[in-house]
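In what follows, a single structure is set out as structure tokens and then discussed.
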Amino acid sequence: MPKKTKQKKGGQPGGGTPATVALTASGVPFTVHAYAHDPAAASYGEEAAEALGVAPEQVFKTLLAEVDGALTVAVVPVSGSLDLKALATAVGGKRAAMADPAAAERSTGYVLGGISPLGQRKRLPTVVDASAQGRPTVCVSAGRRGLEVELAPEDLVALTDARVAPIARS
């Protein structure tokens, strides 16, 4: 008799996340990196870069903003910050502000610090910072704190139907 897999909170049967399930279904190559998350870490993204031994410019954080009242996903390097005005411009909006954390969690199905641009509960307009282009790979959250996926930036853009624009500040 086959072993039953238990559904884990915030994940899929067998311990995958919606992000890793979506990546597997897409057929694009990716690598999962797990590390011991420290709840006291000041920055989830910088913690990931250090734990993985990669430059902070290669690890991208997923942020949610409201652009003219509509939730929008921004994917920017952890070494920088989101330029809200540039994000609004990238999606044809006028005004942007960081989204309410509870609204971000509800919309994506992920917890803060573990929000992935992949496998979100609701597909939202997404913008990936232009600095991702030209890199062989980037790392983004796999949908859980302490879990990252590494993939080609063009695959990230294609799977999220993202626009690419300069939306980060150093």
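The values are calculated or read from the model by the stated rules, or taken from the named source; none is laboratory data. Just so it is clear, the structure is predicted and the values come from calculations on it, not from any experiment. Note that each Cβ is placed from the backbone with ideal geometry, even for glycine, and that neighbours are counted across all protein chains shown. Just so you know, the surface numbers come from the protein's heavy atoms only, side chains and all, with ligands and any DNA or RNA stripped out. Shrake-Rupley method; radii C 1.70, N 1.55, O 1.52, S 1.80 Å.
VAL127 satisfies every condition listed in (1) assigned to a strand (DSSP E or B); (2) closer than 17 Å to PRO18 by Cα except (2).
Out of ALA88, ALA142, ALA74, ALA103, which single residue is among the small types (Gly, Ala, Ser), part of a strand (DSSP E or B) and over 21 Å from THR31 (Cβ atoms)? Please lay out each step first, then the result.
Numbers: ALA88 fails: part of a strand (DSSP E or B); ALA142 fails: over 21 Å from THR31 (Cβ atoms); ALA103 fails: part of a strand (DSSP E or B).
None of the other options fit; the residue is ALA74.
The single condition among (1) open to solvent by 20 Å² or more (accessible area, probe 1.4 Å); (2) farther than 24 Å from ASP38 by Cβ that GLU150 does not meet is (2).
Any residue that is closer than 15 Å to GLY143 by Cβ, of a type outside the set (Phe, Trp, Tyr) and touching a residue at least 12 places away in the same chain (Cβ under 8 Å) - is there at least one of those in the stretch 73-91? Talk me through it step by step, then tell me what you get.
Within the stretch 73-91, the first condition is being closer than 15 Å to GLY143 by Cβ, and the residues that meet it are 73, 75.
This time we only want the ones that are of a type outside the set (Phe, Trp, Tyr), so: 73, 75.
Still in the list and also touching a residue at least 12 places away in the same chain (Cβ under 8 Å): 73, 75.
Looking through the stretch 73-91, at least one residue is closer than 15 Å to GLY143 by Cβ, of a type outside the set (Phe, Trp, Tyr) and touching a residue at least 12 places away in the same chain (Cβ under 8 Å).
Summed over the stretch 74-127, the residues that are of a type in the set (A, V, I, L, M, F, W, C), under 24 Å from PRO39 (Cα atoms) and open to solvent by less than 60 Å² (accessible area, probe 1.4 Å) give a count of 11. In the stretch 18-61, of all residues being touching a residue at least 60 places away in the same chain (Cβ under 8 Å) and either of a type in the set (Phe, Trp, Tyr) or on the phi > 0 side of the Ramachandran plot (or both), the one that is most open to solvent (accessible area, probe 1.4 Å) corresponds to TYR44. Residues of the stretch 116-160 that are more than 17 Å from ALA65 (Cα to Cα) and of a type in the set (Asp, Glu): GLU148, GLU150, GLU154, ASP155.
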